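Asks: The structure under discussion is supplied below as structure tokens; questions concerning it will follow.
Just so it is clear, none of the values below were taken in a lab; they were calculated from the coordinates. Remember, predicted model here, so these are calculated numbers, not experimental data. So basically every Cβ, Gly included, is an ideal-geometry build from the backbone, and we count neighbours across all protein chains shown.
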């Protein structure tokens with residue numbers, strides 16, 4: 001099992017110190033958010049809270065994911081970084097591939113790519129993208145990213161993206177994993193067909209069993225059941241080493257935790273209950289070290 005955490009809602013001024021600490025104490029990955037802007041008013045409810053409200057302040061500072069990752073990569077040696085998730089359906093895949101290749105070169109390929117569908121209609125409208133076609137466009141965009149990451153002359157002629165032979169350099173020296181997020185059947189099918197893994201948010205042990213079974217079924221449909229496939233998620237009802245081993249038996253490869261939150265935080269309150277807890281930097285660093293000693297070291 002590998003271990004990581006998300007920096008959403010943490011003060012960006014803390015990023016470098018947090019990254020150094022996690023790097024030194026054996027953590028595998030750090031996830032960073034993608035949020036180009038926050039509209040004052042949105043036309044639909046937020047889909048991941050019971051009452052549809054956003055759980056963060058609208059003036060929350062969120063760095064561009066590629067900038068945040070580059071800064072942390074320059075002060076670390078081994079830990080990986082993951083945009084989680086990059087809203088690829090509102091972005092141009094050729095330009096995103098260039099950013100990813102550049103970050104891979106600077107970090108020594110210590111990067112993975114998490115992708116998902118943006119949910120706010122305003123993002124699509126104001127960035128000139130069609131929300132109705134977001135799923136099909138993301139399928140093509142993932143294929144384009146994979147082509148470009150492989151290097152050499154490539155071309156693509158799809159329904160939504162079309163370009164003749166071109167090349168991009170530098171490209172990664174090793175395969176960069178692409179993780180696909182989402183819990184709908186189309187999202188799980190997309191992960192199984194195009195991804196190197198699936199990236200979840202917050203799920204119970206029982207939910208995970210069903211999701212992994214669905215993913216494995218879709219992987220068989222795509223003829224990819226024998227290929228490596230990572231499963232990365234947050235499971236608050238898993239605390240002990242034995243419980244984590246049971247997750248491994250199910251097929252989970254990467255456990256996301258928030259080490260500085262209170263241990264009795266109710267899981268049914270959702271991811272907001274964990275991310276809203278932002279103690280001072282020194283407490284975060286001590287929590288990162290403590291979890292590494294009490295859990296990660298015992299599973300190494």
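Asks: Which value, to two decimals, describes the C-alpha radius of gyration of the chain once divided by 2.2 N^0.38 Å?
Replies: Scaled against compact globular proteins, the figure is 0.97.
Asks: Can you tell me how much longer the chain between residue 64 and residue 130 gets when fully stretched, taken as 0.36 nm per residue apart minus their C-alpha distance, in nm with one decimal?
Replies: Fully extending the segment from residue 64 to residue 130 adds 21.5 nm.
Asks: What ratio of Cα Rg to 2.2 N^0.38 Å holds for the stretch 41-113?
Replies: The value comes to 1.36.
Asks: Sort the following peptides by mean Cβ neighbour count (other Cβ atoms within 10 Å, averaged over residues), highest first: 285-294, 18-27.
Replies: 18-27, 285-294
Asks: Also, quick follow-up: Ranked by Cβ crowding within 10 angstrom, fewest neighbours first, how are 233, 94 ordered?
Replies: Ascending Cβ contact count within 10 Å gives the list 94, 233.
Asks: What is the angle, in °, between the Cα long axis of helix 205-221 and the longest principal axis of the Cα atoms in the chain? Nearest 10 is fine, range 0 to 90.
Replies: The answer is roughly 20 degrees.
Asks: Regarding the stretch 141-206, what's the average projected area of the Cα-atom convex hull, expressed in nm²?
Replies: Its average projected convex-hull area is 5.9 nm².
Asks: Please give the contour-minus-distance gain from residue 205 to residue 94: 0.36 nm per residue of separation, less the Cα-Cα distance, rounded to one decimal in nm.
Replies: My answer for the length gained is 36.2 nm.
Asks: Once Rh for the stretch 251-300 is found with the Kirkwood sum over Cα pairs, what is the Stokes-Einstein diffusion coefficient at 25 °C and 0.890 mPa s, in µm²/s?
Replies: Roughly 203 µm²/s, to the nearest whole number.
Asks: With n ≥ 4 as the cut-off for DSSP H runs, can you work out [θ] at 222 nm for the chain, using -39500 (n - 2.57) per run divided by the number of residues, rounded to the nearest 500?
Replies: The helix-only estimate for the chain comes to -11000 deg cm²/dmol at 222 nm.
Asks: Taking Cα centroids, how far is the stretch 258-294 from the stretch 81-157 in Å?
Replies: If we compute the Cα centre of each part, the gap is 30 Å.
Asks: Follow-up question, since we're still on this one. Express the relative contact order of the chain as a whole percentage, based on alpha carbon pairs under 8 Å and six or more residues apart in sequence.
Replies: Contact order relative to length: 19 percent.
Asks: Where does each of 242-250, 141-149, 49-57, 192-200 land if you order them by average Cβ count within 10 Å, highest first?
Replies: Answer by packing, highest mean first, reads 192-200, 141-149, 242-250, 49-57.
Asks: Radius of gyration and Dmax for the stretch 34-161's Cα atoms, expressed in Å?
Replies: Over the stretch 34-161's Cα set, Rg and Dmax evaluate to 16.0, 49 Å.
Asks: Arranged from highest to lowest average of other beta-carbon atoms within 10 Å per residue, in what order do the peptides 35-45, 205-215 appear?
Replies: Ranking the peptides 35-45, 205-215 by packing returns 205-215, 35-45.
Asks: So, one more: Tell me the label-point distance for the pair residue 159, residue 241, using the 7 Å Cα-to-Cβ offset, in nm and rounded to one decimal.
Replies: 5.1 nm
Asks: Over the Cα atoms of the stretch 91-205, what radius of gyration and what Dmax do you get, in Å?
Replies: Rg and Dmax of the stretch 91-205, Cα atoms, are 14.6, 46 Å.
Asks: Additional query: What is the calculated FRET efficiency for residue 221 to residue 173, with r their C-beta to C-beta distance and R₀ = 25 Å, to the nearest 0.05?
Replies: So, using R0 = 25 Å, E works out to roughly 0.20.
Asks: Measuring from label point to label point, each 7 Å out along Cα→Cβ, what is the residue 109 to residue 71 span in nm?
Replies: 2.8 nm
Asks: Quick one: what do you get for the stretch 158-288 if you divide its Cα Rg by 2.2 N^0.38 Å?
Replies: Its radius of gyration relative to the 2.2 N^0.38 Å reference: 1.28.
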